[in-house]
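Shown next, in structure tokens, is the structure this report addresses.
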Ligand SMILES: [K+]
Ligand SMILES: [K+]
């Protein structure tokens, strides 16, 4: 097939940028995409009512969609028209694809630069090398995500049909929730969100699974798809991501379940099995799906704080989830374990983790904590809100989770811009900071069998 | 001079324990001392009223005094008798001495074990070696602290006299505040504490200086006393401690000043110079003096959060201040700097910081953050309080600061026990964890010119 010359030039330019300035590429791509979708949401036909959207709300919604956060200043199902909601869905899909592609690209750039042979794509798939590598990666990402989204949608659509929706509505809601779940977007297309379905396992399970698998990250998904049955051949990154993710889900579900068990405004009125489903749901969503089946604003302070911690950790590297990433937490915990044992090296699953990885983890965690602290101070200063709700919203935005105690729509415009900036920083910052720092590593340490989990 | 045999045996036993199980020594000494002072405060003559103190209040007060925290469940000046207050003063003095001595001992044990020649005491002072080393250290600690406390008292006593107090009262209050300040205890002997003196530079400056110098830690004070004019011969530990401490005071004062400038319940009614003094005061006290000249409970949410961060960092290693320590923060920041530059080593002031130190810093910071998180979750669960005040009290207890938004006296007994445990863990945990971990380091790395700042 012949490729037109301008497209070739464009691909070369992108490939070059990806190769030499991957962090800059990520930032400019995200800013451009957000600008385009802000423009689309400002069109008169994007809103359900007479008036066009205000700039701050259009920018906020576009950023939230492209960064797959799910925080909103206006109600998605009622404020936006069908066209507006379709724009949001496309923004989520493009944002999700962009994140997975760019993060994987950054990972490749890092791997290549520091001389590791480990690649995201096996050699056989990248024979075209150079030019073809980026295109090949994008293709694999698109095919994988579409396949998984289709699978989720195919489970959800019949459920919406059995609940009495028309075929058109059922397909729309099924597809919207499948895309929103797999991309960890947290946007809802039904007026009351998922609250009516708190005890609905048929609805809940595919969404929980979609969010969980999406939050593992593209490198893990690909690794699992290729080596499904052969756990010994999983990469260290895959093993760490799966272990910590599973651990957080179990610990989170037990703790949230016990905190909310008797809360009359949340789990209290529910029956036993529903409480279990709601606990698992509330434990998976902070990392970082952002859906809710009970009113987050009515949960108690302990649940909020625990959710803060889970959201801050976030999901897997190169995933649509946010936060400092589970592998960052894993490396920090392994460092403490090694310290307690007096071991010289950080070890996990029979592999040694390079020292540079630990420094990267510290940088990501420390910069993340500082960002949350500074943003919280700013919001506390410009509003009269209290720490509990401000910290929750700040971490939710930073980790692109989208859970909310309900304060975002009530913020002054300045506060909305702070949250917008935070979503952008949280989305692009962690991965670009990690890549930019990793790329500065000038030493080549070739001591096998060493393996580098992806950080940030 | 002939030493009686039982004393010799006792000294040998302590010396042996200090040499081989320094962490265990620290824990058992603190627990024993707290038990003794709890017993003393339970005596009928310790309270001003008819009834003896309740066990929970006696334990809380004894722990708070021995751990030089300053949080109280009952008002020190009115609830306790003169005898009770004297018991508290002695507990502070013994606690402060014990902390400085034990922490220095632990530091010596760590230095010795890992084969570094750097010692807290120069060779000429430890010629008696073995047996005499501990005694010599204790002597230097006692002389240094008494000298500095006397200097502060000699400035404060005339001030209390000029304010119209009798000589006896002036001496009592001057000595009490001097000891409380230098030991970063935060206990007050005047009914309204230091609030009446918010604009009093003669009162404020010596207390600020006493707290600041006390929070630097014994190794730094000794280093400065010996090499007063020759900054080039200061140890890396001294340089890092001074730099970070000063930075935090300046940043804290500017931020707190601007947050509270117009708050009608705190700085609002004060004149310009008083606002400046109050800002510096409020910026120094979180690390971890714990005195206040305005109502902490009336400060705004942003000030509370910033104070949380300052308290969590705390003071210098082997000091009566708490927190994760300024050198821990310094090492984490240096790691990020090195990462951003692509440097292979952590460097500061022309010295290379060993990699082990970084892992130790991570362990101390991470375990500290986890402790605060878990304690906050427990308190949020057993009370109906909100995150802002709970987090403040938890960090204040963990870092043995003693600042309060006022919730401690209102806590249920279970909550008081949680805070008591937190003060004990915060006081003994950070230094023993750091020492215990450091002592497990089995490698001997002898590459000069390397220097190890004390962590935790
Ligand atoms: K989300
Ligand atoms: K204190």
Next on the checklist: Restricting to segment A:280-298, name every residue that is assigned to a helix (DSSP H, G or I) and within 21 Å of the chain's Cα centre (by Cα).
Outcome noted: A:280, A:281, A:282, A:283, A:284, A:285, A:286, A:287, A:288, A:289, A:296
Next on the checklist: Going residue by residue through segment A:297-308, is there one that turns out to be on the phi < 0 side of the Ramachandran plot and in contact with a strand residue (DSSP E or B) (Cβ under 8 Å, 6 or more places away or on another chain)?
Outcome noted: no
Next on the checklist: I'm trying to understand the selection: among the residues of segment A:207-225, which are touching a residue at least 24 places away in the same chain (Cβ under 8 Å) and over 18 Å from residue A:99 (Cα atoms)?
Outcome noted: A:207, A:208, A:209, A:225
Checklist entry - What is the residue count in segment A:390-418 for residues that are within 15 Å of ligand 1 (Cβ to nearest atom) and away from chain B (no Cβ under 14 Å)? => result 10
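Does any residue of segment B:118-139 turn out to be modelled with pLDDT under 90, more than 14 Å from chain A (Cβ to nearest Cβ), away from ligand 1 (no atom under 16 Å from the Cβ) and under 16 Å from the mean Cα position of the chain (by Cα)?
No, that holds for no residue.
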Checklist entry - All but one of (1) over 28 Å from residue A:387 (Cα atoms); (2) free of Cβ contacts under 8 Å to residues at least 60 places away in the same chain; (3) within 11 Å of chain A (Cβ to nearest Cβ) hold for residue B:272; which doesn't? => result (3)
Next on the checklist: Residue under question is residue A:367, and the condition is that it be under 28 Å from residue B:340 (Cβ atoms), at the interface with chain B (Cβ under 8 Å from one of its Cβ atoms) and in a helix (DSSP H, G or I); does it hold?
Outcome noted: yes
Next on the checklist: With the structure loaded, tell me whether residue A:361 is free of Cβ contacts under 8 Å to residues at least 40 places away in the same chain and under 24 Å from residue A:100 (Cβ atoms) or whether it fails that test.
Outcome noted: no
Next on the checklist: For segment B:151-171, give me each residue that is under 18 Å from residue B:208 (Cβ atoms) and under 26 Å from the mean Cα position of the chain (by Cα).
Outcome noted: B:151, B:152, B:153, B:154, B:155, B:156, B:157, B:159, B:160
Checklist entry - Would you pick out the residues in segment A:348-364 that are more than 9 Å from every other protein chain (Cβ to nearest Cβ) and touching a helix residue (DSSP H, G or I) at 6+ places or on another chain (Cβ under 7 Å)? => result A:348, A:349, A:351, A:353, A:357, A:364
Item to check | Extreme residue, surrounded by the fewest Cβ atoms within 10 Å (Cβ to Cβ), among residues of segment A:245-269 that are touching a residue at least 24 places away in the same chain (Cβ under 8 Å) and part of a loop (DSSP other than H, G, I, E, B) | outcome: A:265
Checklist entry - If we keep just the residues of segment A:299-343 that are more than 14 Å from every other protein chain (Cβ to nearest Cβ) and part of a helix (DSSP H, G or I), which is surrounded by the most Cβ atoms within 10 Å (Cβ to Cβ)? => result A:326
Checklist outcome for this item: Taking segment B:36-55 and keeping only residues that are buried (at least 17 other Cβ atoms within 10 Å of the Cβ) and modelled with pLDDT of 90 or more, one is left with B:37, B:38, B:40, B:41, B:42
Checklist entry - Taking the stated definitions as given, is residue A:7 assigned to a loop (DSSP other than H, G, I, E, B) and modelled with pLDDT under 90? => result no
Item to check | Residue within segment B:373-384 that is part of a loop (DSSP other than H, G, I, E, B), over 20 Å from the mean Cα position of the chain (by Cα) and modelled with pLDDT of 80 or more present | outcome: yes
Item to check | Single residue of B:103, B:62 found to be more than 16 Å from ligand 1 (Cβ to nearest atom) and at pLDDT 90 or above | outcome: B:62
Checklist outcome for this item: Taking segment B:181-211 and keeping residues surrounded by 23 or more Cβ atoms within 10 Å (Cβ to Cβ) and closer than 19 Å to residue B:277 by Cβ leaves B:181, B:186, B:188, B:207, B:210, B:211
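The values are calculated or read from the model by the stated rules, or taken from the named source; none is laboratory data. Keep in mind that what you see is a predicted model, and the values were worked out from it rather than measured. When we count neighbours, we look across all protein chains shown, and the Cβ atoms used for this are built from the backbone with ideal geometry, even at glycine.
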